[in-house]
């Protein structure tokens, strides 16, 4: 415990301007609500040792110019456990955040609920969950930093329940604390690194980088905008494909610019969302996060040219819903031969994941803009596309199914694949004429839309 930084020390990593909120008053009984022998003395020793009167310190701060409510756990005070008075402070902090339209940053280090207060301590999790839900409904972001250790109900509410979860390297993070796990449990599964790999946390952040990272997230998530994102200019060829098969070959070319190049070109900075919170990531197939474009925040979900896995669709749906709640416009980049169709993808719920993304895009109130930058392979690509605001580059195509598969299903010989591509009308200019996309976006020096042939 001695080598764990105090709540005040962690606050100093994030801000130099912290003002503690008033403490809610609650009648104090010598040994707590259950009359647990020695509990009052234990609290007194914890207060003397840490200089704190409770296991959490709540206040307001300016984090490099962005005002926020900060909630820092003091693990030295009875293991950072939650009791009734802890719950009182947390409820007051979240209520203050809503009243003053401030984001909330919990800096969590807790072993769970305080046993000396029994079920009265455990029910504080319900209070905290409600406050978090009300804050979410108010359109205010919550960015959690999970420290060592973050276990039990603190992880299951303030930590994993936040919009963005940042984790300190090497921290013990998991629902089960070290004393309640099975004897043969793999300790590596209960670490910050494991939670990031599983998609339950978004990123590992070293202590010396914590302030800068929190600053970036706060600035990006507190700038709503009602204006849609203009489609980025094409980074590839300017001429249109002559045939359907030519469009397919160009979209499949390894030299064609991919999602990362488009994001680097149109966003001056960006931070990534790391997963779906229910197990799984798809870092090779879907890039999701928030970035800055011309002083505005943009949420992005971009396919990378590979078959998109269920975790990729779920991460994109999470991104769209978060952006919608915060009033941030969304840019999606379509580029996939289709959804992953292997047996493992089916076991992971490919259909449900795609349906979830279709639903998130359809329900979004914030403007969504889509640019097809490469392959538009069937429903696995369409799920990411904005109805009525989808654009295409000259290097792209969009098809109900890959021409080779269409030919096979229609029992056409292989030599008719190219003709099948033409009949499917997959070229960008065909899509404009059909009304599937609004226009074909050229390079930056040629921004006019291509007319249909």
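The values are calculated or read from the model by the stated rules, or taken from the named source; none is laboratory data. If you're wondering where the values come from, they're calculated on a predicted model, not measured in any experiment. Here Cβ is always computed from backbone atoms with ideal geometry, including for glycine, and neighbour counts include all displayed protein chains.
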Inset, instruction - Would you tally the residues in the range 9-46 being more than 28 Å from the chain's Cα centre (by Cα) and within 19 Å of residue 68 (Cβ to Cβ)? - result: 4
Inset, instruction - Could you run through the range 180-233 and say how many residues are assigned to a helix (DSSP H, G or I) and farther than 20 Å from residue 274 by Cα? - result: 2
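Residue by residue, here is whether (1) within 19 Å of the chain's Cα centre (by Cα); (2) closer than 20 Å to residue 5 by Cα; (3) at pLDDT 95 or above holds:
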{"residue": "162", "(1), (2), (3)": "yes, no, yes"}
{"residue": "185", "(1), (2), (3)": "no, no, no"}
{"residue": "191", "(1), (2), (3)": "no, yes, no"}
{"residue": "199", "(1), (2), (3)": "yes, no, no"}
{"residue": "204", "(1), (2), (3)": "yes, yes, yes"}
Inset, instruction - Report, by residue number, each residue of the range 235-264 that is in contact with a helix residue (DSSP H, G or I) (Cβ under 9 Å, 6 or more places away or on another chain) and assigned to a loop (DSSP other than H, G, I, E, B). - result: 235, 236, 237, 240, 241, 243, 256, 257
Legend entry - Exclusive hit being touching a helix residue (DSSP H, G or I) at 6+ places or on another chain (Cβ under 7 Å), part of a helix (DSSP H, G or I), modelled with pLDDT under 95 and surrounded by 24 or more Cβ atoms within 10 Å (Cβ to Cβ), set 406, 421: 421
Legend entry - Selection status of residue 57, under 24 Å from residue 215 (Cβ atoms), in a helix (DSSP H, G or I) and touching a residue at least 40 places away in the same chain (Cβ under 8 Å): no
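Residue by residue, here is whether (1) on the phi < 0 side of the Ramachandran plot; (2) surrounded by 22 or more Cβ atoms within 10 Å (Cβ to Cβ); (3) free of Cβ contacts under 8 Å to residues at least 60 places away in the same chain holds:
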site: 76; (1), (2), (3): yes, no, no
site: 86; (1), (2), (3): yes, yes, yes
site: 96; (1), (2), (3): yes, no, no
site: 100; (1), (2), (3): yes, no, yes
site: 112; (1), (2), (3): no, yes, no
site: 121; (1), (2), (3): yes, yes, yes
site: 124; (1), (2), (3): yes, yes, yes
site: 130; (1), (2), (3): yes, no, yes
site: 138; (1), (2), (3): yes, no, yes
Inset, instruction - Starting from the range 315-330, take each residue that is on the phi > 0 side of the Ramachandran plot and list its partners that are in a helix (DSSP H, G or I), counting only C-beta distances under 9 angstrom and pairs at least six apart or across chains. - result: none
Inset, instruction - Report those helices (runs of 4 or more DSSP H) wholly inside the range 272-391 carrying at least 1 residues which are crowded, with 20+ Cβ neighbours inside 10 Å and modelled with pLDDT of 95 or more. - result: 310-326, 350-363, 378-382
Inset, instruction - Could you tell me whether residue 48 is part of a helix (DSSP H, G or I), without any contact (Cβ under 8 Å) to a residue 40 or more places away in the chain, out of contact with any helix residue (DSSP H, G or I) (no Cβ under 7 Å at 6 or more places or on another chain) and loosely packed, with under 15 Cβ neighbours inside 10 Å? - result: yes
